[in-house]
Amino acid sequence: MIEVIVFDLGGVIVNVNFKSPLGKLFDNSGAVSNTSKDESNFSKLLRQYDMGIISAGDFHEKIIDHLDIELSFDEFIRASNDAIEAGDDGIESIVNSLSKKYKLAILSNTNPVHYEYIKEKYLIIELFDHILLSYEMGTVKPDAAAYEKLIKTTSVLPSQHLFIDDRIENICAAKEIGMDGIHYISIENLRMELKNRGIIL
């Protein structure tokens, strides 16, 4: 029986505007797009940032050097936050409805700049009982350690979790440790998947 419903943050609760100054560097999976001259190195840099290994200041310095661009730290913060947009129409209603019947959690690969902005702008965050962020945990999905920290925090069995994420590799990793998972594609698909599990909104 499901007791905790877990949501990804970016790509589910909020969206990323890929046409924004910095958003265009990333695709929906967190990989850097073809606008980067070295995808592998940039992906490693982003992973370090999301894991809290390097600070926002360090990431800013490395990114302007890596991409050979001029961008002040304040401009970097504004451009980073401009990439964050509201989630799909209906997601807040779904979360609000679920919060009345289940414990809710967030398990997200993110950085402090994005999270602080999201927390201040989107009140939906207040509906969650547990918030686990990669830069605080020191690990990222789909690493097993991220899911282990989630289970330790919620104190319920893996089988009592339902995990919702827009990246299929994160869903597969959750299922490997016994969690149920929904690959987020659209609001309509999410409603259908919840209904199929007997979760009525």
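If you take every DSSP beta bridge whose two residues both sit in the range 64-201, what share of them, in percent to the nearest 5, is antiparallel?
Values: 0 of 8 bridges.
Beta bridges within the range 64-201, antiparallel portion: roughly 0 percent.
With Cβ to Cβ distances under 9 Å as the rule, what net charge do the other residues near residue 199 carry (K, R +1; D, E -1)?
On the way: positive: 101, 195, 197; negative: 193.
Here the charged neighbours net out to +2.
Tell me, which longest segment in the chain has none of the trypsin sites (Lys or Arg not before Pro) that fall in DSSP loops with at most 15 further Cβ atoms within 10 Å?
102-196
Would you list, by chain and number, the lysines whose Cα falls below 29 Å from the Cα of residue 101, excluding same-chain residues fewer than 8 positions away?
Here the lysines satisfying the reach criterion relative to residue 101 are 119, 121, 141, 149, 152, 175, 195.
Please state the relative contact order of the chain as a whole percent: Cα pairs under 8 Å, 6+ residues apart?
Result for the chain is 28 percent.
Roughly how many debye, to the nearest 20, is the charge dipole of the chain about its Cα centre, given +1 on each Lys and Arg Cβ, -1 on each Asp and Glu Cβ, and no other charges?
Working: 20 positive and 32 negative charges, 147 e Å.
That gives the chain a dipole magnitude of about 700 debye.
Nearest 500 deg cm²/dmol is fine: what mean residue ellipticity at 222 nm does the chain get from its DSSP H runs of n ≥ 4 alone, each adding -39,500 (n - 2.57), divided by its residue count?
After summing the helix terms and dividing by the residues of the chain, the value is -12500 deg cm²/dmol.
Hey, if you put +1 on the Cβ of every Lys and Arg and -1 on every Asp and Glu Cβ in the chain, which of 198, 145, 46 ends up farthest toward the positive end of that dipole?
Of 198, 145, 46, it is 198.
Rank these for me by crowding, 8, 180, 65, 82, going from fewest to most other beta carbons within 10 Å. Could the numbers behind the result be given before it?
On the way: 8 22, 180 19, 65 9, 82 14.
Final ranking by Cβ density, sparse to dense: 65, 82, 180, 8.
Within a Cβ distance under 13 Å of residue 171, other residues only, what is the Lys/Arg minus Asp/Glu net charge?
Numbers: positive: 141, 167, 175; negative: 8, 165, 166, 169, 176, 180, 193.
Combined, the nearby Lys, Arg, Asp and Glu give -4.
Which shape class applies to the range 67-115: rounded if a/c is under 1.5, otherwise prolate when a/b exceeds b/c and oblate if not, where a ≥ b ≥ c are the square roots of the Cα gyration tensor eigenvalues? The partial results should precede the final answer.
On the way: a/c = 4.27, a/b = 2.64, b/c = 1.62.
Prolate, because a/c is 1.5 or more and a/b exceeds b/c.
Which of 105, 144, 174 moves the most in a Gaussian network model of the chain with Cα springs under 10 Å?
The residue with the greatest mean-square fluctuation here is 144.
Could you tell me the convex hull volume per residue, in Å³, taken over the Cα atoms of the chain? Don't skip to the answer; put the middle values down first.
Working: hull volume 21.9 nm³, N = 201.
Roughly 109 Å³ of hull volume per residue.
Name the residue, out of 110, 153, 139, whose mean-square fluctuation peaks in a Gaussian network model built on the chain with Cα pairs under 10 Å.
153
Each reported figure results from applying straightforward, stated rules to the coordinates on display, with no laboratory input. The model shown is predicted, which means the values in this text are computed figures rather than measured ones. Virtual Cβ from ideal backbone geometry, glycine too; neighbours counted across all protein chains shown.
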